[in-house]
1. In percent, how large is the relative contact order of the chain, given Cα pairs closer than 8 Å and 6 or more residues apart?
2. Relative to the present Cα-Cα distance, how much length would full extension add between Ala55 and Ala98 at 0.36 nm per residue of separation?
3. State the answer as a single residue: which of Thr139, Thr43, Phe33 lies farthest towards the positive end of the charge dipole of the chain, with beta carbon charges of +1 for Lys and Arg and -1 for Asp and Glu, about the Cα centre.
4. Which peptide among 94-102, 81-89 comes first, and what is the full order, when sorted by highest mean count of other Cβ atoms within 10 Å?
5. Please state the charge dipole magnitude for the chain, taken about the Cα centre, from unit charges on C-beta atoms (+1 on K and R, -1 on D and E), reported in debye and rounded to the nearest 20.
6. With just the Cα atoms of the chain, tell me how far they stretch along each of the three principal axes, in Å, largest first.
Amino acid sequence: MALDRWIALILLGICMAYGYAAWFTMDGSLAPFMKRNPIWPSTFPKVLSILGMIASLIILLGLEKSEAKEAEEAEIDYRRLTEYKLGQAILLLGLMVAYALLLRPAGFIFSTSGFLILGSFILGERKFHFMVPISLAATFLVWYLVQEVLGIYLRPLPGFLGG
C-alpha cells in the first residue's frame, strides 16, 4: 500500500476516535438549558469528523486518482525523503510549537502576527510590503471577531503591556 493510503488510514482512525468523542462524550455534560439549542458545542467537531472520514475514505479507495501514469509520478517515495523540502516542514512545525507556547505570555496579536509573518517567510514570500499588512489585518480581524462578536476573551497583548 502506498504511503498516502497509510496516512489516510491513520487519519481515518483519528477521525473515528474524534467522531466518537464528539457524538457520545461531549453532549453528556451539557447544561439542561443548552440541550434545547439547535447548535451545540459538539456540532463543529461532528462535522469535522464526518468530513475527515469522507476524505480519508476517498484516498483509501483511490477515488482521487485520475490516471495510473499521473499517480505513479505523484506518489511520495519514502526512500527519497531527503529530496523533499523537509527543512521548511520542520521549521513550520517548530514555528507552530513556538506559537502555541507563546500564545498566552506574548498575547494573541503579537504571537499570531509573528506566526503569520514568519510562516509566510519560511514558505518563500519575500514581499514584506504585502506580507506584513495582510498578516496584521488578518490577526486583528480574527481577534475582533472572536473577542467582540463571539464574546470569547483573548488576551490581545502581553501582560506587561496591559493585556
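1. This gives 21 percent for the chain.
2. Going from the current span to full extension adds 12.5 nm.
3. Phe33
4. Those peptides, ordered most packed to least, come out 94-102, 81-89.
5. Computed charge dipole of the chain: roughly 600 debye.
6. Taking max minus min along each principal axis of the Cα atoms, the chain gives 58, 50, 24 Å.
Throughout, read-outs are computed from the coordinates displayed, never taken from laboratory work. Since this is a predicted model, take the numbers as computed values, not measurements. Quick reminder, even Gly has a Cβ in these numbers, built from the backbone with ideal geometry, and neighbours come from all protein chains shown.
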